[in-house]
1. Whole-Å semi-axes of the chain's equivalent ellipsoid, largest first, each the root of 5 times a Cα gyration tensor eigenvalue?
2. Where does the stretch 556-597 land on Rg(C-alpha)/(2.2 N^0.38 Å)?
3. Please name which of Phe278, Ala359, Leu289 has its Cα lying farthest along the dipole of the stretch 267-363 towards the positive end, using unit charges on Cβ (Lys, Arg +1; Asp, Glu -1) and the Cα centre as origin.
4. Please identify which residues in the stretch 154-197 have an amide N closer than 18 Å to a label point set 7 Å out from the Cα of His618, following the Cα→Cβ vector.
5. For Val589, which sequence-distant residues (separation of 5 or more, or a different chain) have an amide H within less than 5 Å of its own amide H, given hydrogens modelled in the peptide plane?
6. Quote the charge dipole size of the stretch 104-232 about the Cα centre in Debye, to the nearest 20; the model charges only the Cβ of Lys and Arg (+1) and of Asp and Glu (-1).
7. Would you please classify the overall shape of the stretch 2-50 from the alpha carbon gyration tensor, given that a ≥ b ≥ c denote the square roots of the eigenvalues, rounded means a/c under 1.5, and beyond that prolate means a/b larger than b/c while oblate covers the rest?
8. What whole-number value in cubic angstrom gives the convex hull volume per residue for the C-alpha atoms of the stretch 425-513?
Amino acid sequence: ARRDVPVFLSVGYAACHWCHVMAHESFEDAGVAAALNAAFVCVKVDREERPDVDGIYMDACLAVHGHGGWPLTALLAPDRRPFYVATYLPPTSRPGRVGVTELAAGASRAWRDDRAGILASATDLTAALIADGDDGARPPDTAAAAEALRGMADAEHGGFGRAPKFPTPHHALFLLAEARRTGDESLVTLAVDALRAIDRGGISDVLGGGIHRYATDRAWLLPHFEKMLTDQALFALACTEAALTTGDEDLKRAALGTLGYVLRDLRLPPGHPHAGLFATSEDADSPGLDGHSHEGAFYLWSEADLLDVLGTDDAALARRAFGTTPEGTFVDEATGRRDGTNVLHRVDADALADPRFPAVCQTLFDARAGRPRPGLDDKALADGNGLTLAALAVAARAFGRPDLATAMRETADTLLGTFRRPDGGLWHRAPTDAEPGVPGLLDDSAFTVWGLLETYQTTFDVADLDAALALHADAERRFSDDTGTLFVSEAGAADLIARRPSRHDGAVPAGASVHLWNALRLAALTEDDALGDAARARLGSAEHPTGQTMRLRAALQADAPVTIVVGAHDAPDTRAMLDALRTVPGALVGVRDGPTARVGNADQTMTDGRATAYVCRHGACLEPTADPARAAALARG
């Protein structure tokens, strides 16, 4: 306002390839930077650090263009109202895309000559952003959502929709839950085919584990190579549940390989201000042989590279297993050219089953470790760490992995010790000696409670359940209003022009959906009818259910088996009961351990001194049993 110029806002994130391109082309060019600084007050925002800010202006971009992405470019009036939105812009104009330099000149003229028109546009666009946009409170129609996903399914390549393709593991989690409700095995197939396609595709890192951000093509071959913590956690969660449902060993391998990558490469080391927690992402770009950064340079291989590292016989096996070609399978997205490098992906089943194949992968992994690594965005955020905690806990109990249980316990304790605020809420990014903290958002609370709920079901330590209950109640106070609407941010944030409702899933589920899912599970464990009734009253269904599959998964919680085990959680017969139940997909298990137990009710008692399971589903409780196999059968339905 003091300079009487608009604001140029650029929103991006560390692992975003096109954010780096725009930074190199424009922000680091002295001439372009001078033009921007003359015309605007320039502000850069990390979308991961301030998803509340990003969400407002991304909504504006979607409203204007029908699509969005990063980098997000917005021109704002000094009071933060947007009047122009776009994504990546080149430094000078190209056919169909205005350049940053021309945008600066044109915006300056318009600000001088037609300010009234600009402010009117800002008023109209802001009014559309602030509008409620509620889709109503119709009963959730999970069958319609499943059929919509069936209609979106790519029968040839797996997954949903056309290019570009995002993993969206929450679609698979919903389909698996709906299949349990209906008995429709075709929904299991739909979910599993999508996960297998990701695992086979170039979007999956065959050598190091984990998945890349998304694929630019239908076949999942050509990824954008950034790796996001949230994607790893959600993919591991979906693969674990799918593996429990089907017994698929490849999905088990995918889940464990993804978590292995997270623990090996994203865990922050001793000496870091947030040591023991997990970094947010790894970049898409890394230095190549020419010394310049290129997208995917760390991951791509020419056939000459394979021959040099492996020798003749093993290189031939690798070529068959990974589907490499002399001209290369990697295609530059901008130019459409091939450069002789290949995206490794699982192709030939016989080659993949060859006894030499694991050693070939290890040799290539060791050789790749000598390359310059992609940059690590080492900030630790509560939402991503909460999701990772959930994934570690689910996999630890599903696969009987004490090492993952140890990592889960360390993560839970460090997460609460780092992100818990004195007022009972959470930080989004905790303060350090160098930087102030960023206050928490609904996603931080919802995802952390999810992680603590899964941790409780792995340890049955009542302290984990108590922490989940306390954080959930705190989130309810901070992020809801008198109508029951759940918002992304707390009321009264001075730097936001709108308080956005949390409704629709994106690459990660909506915080509101996870919050309601948490509420229904906490209510079932603790028999808190008021908590459950309030959550059910908020489970409306949108006109576009495929954008709310996590909310629909929450709606299916009413049909999920709730198993209360009565006994001392560390007693041998109780452990036998819990071991039988830990592989039941979708089960919610609590232990009523002593007179001060938080779960179940006083009428639930042991049978002849033996641990007893009380399985309840569809609003009714089945006959108690002290037989672990019988309990598991009842829980499976």
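1. 41, 33, 22
2. Working: Rg = 11.0 Å, N = 42, 2.2 N^0.38 = 9.1 Å.
Its radius of gyration relative to the 2.2 N^0.38 Å reference: 1.21.
3. Phe278
4. What the label zone holds, given the 18 Å backbone N cut-off, is 177-185.
5. Those qualifying (amide H under 5 Å, at least 5 residues apart or on another chain) are Thr563.
6. On the way: 14 positive and 19 negative charges, 73 e Å.
Dipole magnitude for the stretch 104-232 comes out near 360 debye.
7. Details: a/c = 3.86, a/b = 1.36, b/c = 2.84.
It is oblate, given that a/c is not under 1.5 and a/b is not larger than b/c.
8. On the way: hull volume 11.7 nm³, N = 89.
For the stretch 425-513, the hull spanned by Cα atoms encloses 131 Å³ per residue.
The values are calculated or read from the model by the stated rules, or taken from the named source; none is laboratory data. For clarity, every value in this text was computed on a predicted model and none was experimentally measured. A quick note on method: Cβ atoms are made from the backbone with ideal geometry, for glycine too, and the neighbour counts reach across all protein chains shown. Remember, those area values only see protein heavy atoms, side chains included, never the ligands or the DNA or RNA. Shrake-Rupley method; radii C 1.70, N 1.55, O 1.52, S 1.80 Å.
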